[in-house]
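The values are calculated or read from the model by the stated rules, or taken from the named source; none is laboratory data. Every value quoted in this text rests on a predicted model; they were computed, and no experiment measured them. Every residue, glycine among them, receives a Cβ derived from its backbone with ideal geometry; neighbour counts consider all protein chains shown.
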Amino acid sequence: MPDSQPPTTISHQETRGCLVEAALTCFAKYGYDATSICLIATAAGKNSSLISYYFKGKEGLYREVFQHLLDRFFPAPGVPPGHDGVQEPEGNRPRLRAILGKILSDVDAHFRSVDPLKDAATRLFLAEVHAPREEVKDLLKARLEPSAQELRACIRAIRPDLPEADVDFWGITIQGSCVSHALRSEINALIWTSADPELPLDVMADRLTTFVYTGLTCA
């Protein structure tokens with residue numbers, strides 16, 4: 001008989017996981033609009049009725065896929081401890097260094113992962129960062145906002161005179177600089193041919209800290 005009934009309790013999580021992973025691969029490869037429920041079910045080797053049973057349809061499944069993607073590949077960033085009070089600008093340099101080091105290490109850990117779904121997860125995540133769908137905007141905001149708030153607080157502590165628009169400009173610039181080192185590593189090797197591809201993360205974080213801190217205090 002076709003697999004049209006809900007699975008037993010024993011296979012419940014396995015079936016959900018199979019559908020979510022198949023959907024992740026399909027959404028990343030074909031995009032949301034070109035991915036059908038039938039395509040996902042075929043890729044998972046399951047009956048398409050199970051998608052409605054578990055996820056209430058394609059939108060619900062996509063949201064579940066993106067939450068799974070965040071939990072598995074982009075864990076919530078930790079906030080460097082010990083920075084509850086406002087310090088003098090020079091005292092906030094180690095705070096900035098801790099933030100940059102954390103961003104760099106998180107991105108590097110992801111791209112060094114051997115998880116077979118890593119590339120699909122990266123493509124789907126970047127597609128949502130570029131043009132987020134309504135179904136997952138709240139998930140993205142909840143995951144990314146804590147580290148952005150810590151970065152804002154650090155920038156304000158160094159330059160309390162900056163207006164909010166400039167604080168956010170610096171925050172976007174700092175995050176983009178860190179992520180670009182890993183995200184564009186292959187294209188960078190084609191263009192910036194003398195750069196050291198094996199530059200240690202600690203050295204990279206130190207250099208970026210000097211660059212950013214100097215820019216912030218001199219701007």
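Which residues, counting only those in region 174-204, are within 24 Å of the chain's Cα centre (by Cα) and more than 22 Å from THR122 (Cβ to Cβ)? Scanning region 174-204 gives PRO200, ASP202, VAL203. Where helices (runs of 4 or more DSSP H) fall entirely within region 83-176, those with at least 1 residues that are hydroxyl-bearing (Ser, Thr, Tyr), over 21 Å from THR25 (Cβ atoms) and assigned by TED's automatic domain parsing to the domain that holds GLU198 are at 93-111, 137-158.
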